[in-house]
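Before any comments, here is the structure.
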Amino acid sequence: MLPNKRLLPWISAIGLLLAALGPSPAGSAERQPIPLSVLPLKLLDTSNEPTDQSAQHAARLARMADSLAIDLTRSGLFQATVVSADRLLKNCPSGEAECLLRAAREEGAELIFVGVVHKSSTLILQLWARLVDARTGRDILARDLNFRGDTDEAWQRAETFLVAQIRDAVAPAR
């Protein structure tokens, strides 16, 4: 028995809705976050300031690494973890690139974040950031960011900007 002609548009609409809500082969294989290791950030201070700021800088470096891992994971593109300096020193006492790549792969990382902050004066800092393929050692992303001010707020703004740069560079490639 054929349905009433007035019901055909409704039946078609319901069918289309059910098809859209049901699993599709393309949508069922959702992409998994990329495992990423955030290496401890380093500081190169050539500012020659008379005040010893090593404790503040160590805290800012650690906070930036933690924030990067948290914010990159929050983006949904990555599952980022911070590699502790102690574990890195234990696994790669020489600090050679090949050892760092091998250690990251053994931890399950596909990508490695490497960052160095250069403080050239009281107000001018530069963040050299690299996202590296753990298998090949090739740069996936390289950014050299300048930021002004050696304050917690300035460092946080730099980290937020960097996360957006990484997210925007990696998202289209996925």
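The values are calculated or read from the model by the stated rules, or taken from the named source; none is laboratory data. Quick caveat: nothing in here was measured; it's all calculated off a predicted structure. Neighbour counts are summed over all protein chains in view; Cβ atoms, including those assigned to glycine, are modelled from backbone coordinates with ideal geometry. Side chains are part of the model used for accessible areas, which takes the heavy atoms of the whole protein and leaves out ligands, DNA and RNA. Shrake-Rupley method; radii C 1.70, N 1.55, O 1.52, S 1.80 Å.
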Based on Cβ point charges of +1 for Lys and Arg and -1 for Asp and Glu, what charge dipole magnitude is obtained for the stretch 51-174 about its Cα centre, in debye rounded to the nearest 20?
200 debye
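Add +1 for every Lys or Arg and -1 for every Asp or Glu among the other residues with Cβ under 11 Å from the Cβ of residue 110, and state the total. Walk me through the numbers on the way to the answer.
Numbers: positive: 105, 135; negative: 107, 133.
Residues near residue 110 contribute 0 overall.
Using the Cβ atoms and a cut-off under 14 Å, what net charge is assigned to the surroundings of residue 48, where Lys and Arg are +1 and Asp and Glu are -1? Each step should come with its number before you reach the end.
Numbers: positive: 119; negative: 45, 49, 52, 150.
Taking every other residue near residue 48 into account, the sum is -3.
Give the peptides 111-117, 160-166 in descending order of average Cβ contacts within 10 Å, highest first. Present the calculation step by step, with values, prior to reporting the outcome.
Working: 111-117: 21.7, 160-166: 17.1.
The packing order, highest mean first, is 111-117, 160-166.
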Modelling each spin label as a point 7 Å along the Cα-to-Cβ direction, I'd like the residue 53/residue 121 distance in nm, to one decimal.
1.3 nm
Looking at the stretch 31-73, which trypsin sites (Lys or Arg not before Pro) are in a loop (DSSP not H, G, I, E or B) and have at most 14 other Cβ atoms within 10 Å?
31
Distance from a point 7 Å along Cα→Cβ of residue 105 to each backbone N in the stretch 130-174: keep the residues under 11 Å and list them by number.
134-137
Can you give the net charge of the other residues whose Cβ lies under 14 Å from the Cβ of residue 165, counting K and R as +1 and D and E as -1?
-1
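Which GluC sites (Glu not before Pro) does the stretch 30-111 hold that lie in a coil by DSSP with at most 15 other beta carbons within 10 Å?
Values: sites: 30, 96, 98, 106, 107, 110; in loops: 30, 96, 107, 110.
Those satisfying the criteria are 30, 96, 107.
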What trypsin sites (Lys or Arg not before Pro) in the stretch 79-156 are in a loop by DSSP, with at most 10 other Cβ atoms within 10 Å of the Cβ?
138
Sites residue 145 and residue 81, calculated FRET efficiency, Cβ-Cβ separation with R0 22 Å, nearest 0.05
0.45
For the stretch 78-174, what is the accessible area per residue in Å² when the probe is 1.4 Å?
56 Å²
